[in-house]
Every structure is written in structure tokens, then in C-alpha cells.
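Please read the structure below before turning to the comments.
Bear in mind these aren't lab numbers, they're just calculated from the coordinates by the rules spelled out. Here the structure is a predicted model, which means the values were calculated and not measured. Here Cβ is always computed from backbone atoms with ideal geometry, including for glycine, and neighbour counts include all displayed protein chains.
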Amino acid sequence: MLTALKEETYKFCHEKIALLGLLVLLVTTLYSTLTKTINKSTLIFAFGAIEWIPVIIIAVGAAFFEMEYDNKTIVMLLYKNSSKLKIYLAKFLVVFCYSIALALGAILLTFLLSLLTVPGQYHWLAYYQGHTILTNLLLNLFGAVIYCFFIVGLSFMLIMLVKANTVVICIGLVLAYFGASFSTALMHTFPTAVGILKWNPLNMIFISQQLTRGSFALKSNLTNFQLIIATVVYGIIFGLLGYYLFKRRRV
């Protein structure tokens, strides 16, 4: 397993998608800096990074797996390593670790951009919505990373199912911009079934904001602990389904 992990890490670091993901994060945070009023809310959400990191991950995760088939390197990969499970897990861990790297990058960008745009205006240890600004920032990015575990499993499952990066990316964008609204509307439409509907996968998107905004629990109908556990469980379920499809996909 360690050998497979080293190989996938080396491969990922030498692919353009890793750099492109970082560039997208940089461009989107800069865009938010130039087009939005900088306030405490902007800072705790890392200039919109918590919304873009999952989108980047679903695109990167799908591309990282599909390029093996596009470049025909999957044949050599399977020849060198007879265990498909090790290959799959290694790729999963590499992409998930990349999401952590993006989150760390978002923290650094937030500090830098706040220093350049609102120097000294907001104190990181000042309280805002029950926590310090810094704690809010870290909690929101922690939620984004947990959601990325869900997203990696989803992207791997989708790329094995539809075999098209563009389709997977489109699904990721739809989830990012309409998933929460659709989930909320669904529960409002069928209030008697909220006990079941609150566990729908679209509801997991709330984790990127609910950890610092308790009012979001009224929309998700889940506690923070329930939301974290459900998000991880869905990530595992999607990951297992993706592995099942990977094992049966023709080379």
C-alpha cells in the first residue's frame, strides 16, 4: 500500500491538474477580493474558498482517475500492481490530502489578502458569532475538508459511472450552487418526511458553514455531530460504490 501511495503521490505532483487546482483557488479568492466588500464574514469564509475547494476537488479527483484510461496507463498500472484496492485507496488518499493542502493554502491566502486589503481593521482574536474570527475561519475550512471527503468519494463514483470529466464537473457545480437550496426546498415541501429527508446527500453541503452558524441547523435539521458523521458515511458509501465500478470497468 505504501508503494502505491508513493507512486500516486509522485504522479499527482507531476500532473498539471494539481497546479491548476491551486491556480483556480488563487483566481477565485482574488476575484472575491475585488468584487466583494471585505468584512468579518468574508474573512471567516476565506474569501469564498470554502465554496470553491469542493468544486476543485470534484474536478481534480475525476481527472486524476480518468487520465489513467485516457493515456492508457491503467494497463501498466494494473500490471505492476495486482491489487485494484490499493490503487483505488492510494488515489483516494492523495486527492483527499490535496484538499487539506488547498485548505491550508486558503488560510494563508486569507491572511495575506486581509493584510493587503484591510490591514489592522479586524483583529483575528476578536469575537464574531460566538467564536474568534480565527476560530470561525478554521472551523469553516475544517467543515470544507470533511465535505471534500464526501466529494472525493462522489467524484470517483461518478467518473466510473459516466466516464466523462465534463459531466462530473457540471454535477459538482450544480451541487455547489443548488444542492443546499434543493435540499431545503425538498424538506419544506414534505415536512412530514423531514426525519428521513434530512439525511439526503444534498444536505451534507451545509457542513461547510453550519459549524460556525448554528442557525443553519434549522435548514439542515441536523446537529453538527450528525452532519459530520453523515458526511463521512456518505463519502465511504460513494467510495465503495466507486471501487465496485472500478473493479468491473473494462481496461
### Query
Looking at region 73-94, is at least one residue touching a residue at least 60 places away in the same chain (Cβ under 8 Å), hydroxyl-bearing (Ser, Thr, Tyr), closer than 24 Å to Val24 by Cα and surrounded by 18 or more Cβ atoms within 10 Å (Cβ to Cβ)?
no
### Query
Which members of region 17-66 meet the condition of being among the charged types (D, E, K, R) and over 17 Å from the mean Cα position of the chain (by Cα)?
Lys36, Lys40, Glu66
### Query
Scanning for something more than 29 Å from Leu125 (Cα to Cα) and surrounded by fewer than 15 Cβ atoms within 10 Å (Cβ to Cβ), does region 141-161 turn up at least one residue?
yes
### Query
Which of the residues spanning region 1-19 are hydrophobic (A, V, I, L, M, F, W, C), part of a helix (DSSP H, G or I) and touching a residue at least 40 places away in the same chain (Cβ under 8 Å)?
Ala4, Leu5, Phe12, Ile17, Ala18
### Task
Collect the residues in region 214-245 that are under 22 Å from Leu138 (Cα atoms), surrounded by 18 or more Cβ atoms within 10 Å (Cβ to Cβ) and touching a residue at least 60 places away in the same chain (Cβ under 8 Å), keeping them in residue-number order.
Ile228, Thr231, Gly235
### Message
Considering only region 165-183, I want to know if a residue exists there that is more than 27 Å from Phe45 (Cβ to Cβ) and either in contact with a Cys (Cβ under 8 Å, 6 or more places away or on another chain) or touching a residue at least 24 places away in the same chain (Cβ under 8 Å) (or both).
### Response
yes
### Task
Residue by residue through region 28-65, note down the ones that are aromatic (Phe, Trp, Tyr) and free of Cβ contacts under 8 Å to residues at least 24 places away in the same chain.
Tyr31
## Note on the structure
In region 20-53, anything closer than 20 Å to Ile205 by Cα and not in a helix (DSSP H, G or I) is listed as Phe45
### Message
I'd like to check something: does region 193-201 contain any residue that is touching a Ser or Thr at 6+ places or on another chain (Cβ under 6 Å), crowded, with 16+ Cβ neighbours inside 10 Å and in a helix (DSSP H, G or I)?
### Response
no
### Message
Scan region 79-95 and tell me whether some residue there is more than 26 Å from Leu154 (Cβ to Cβ), part of a helix (DSSP H, G or I) and either out of contact with any helix residue (DSSP H, G or I) (no Cβ under 9 Å at 6 or more places or on another chain) or among the hydroxyl-bearing types (Ser, Thr, Tyr) (or both).
### Response
yes
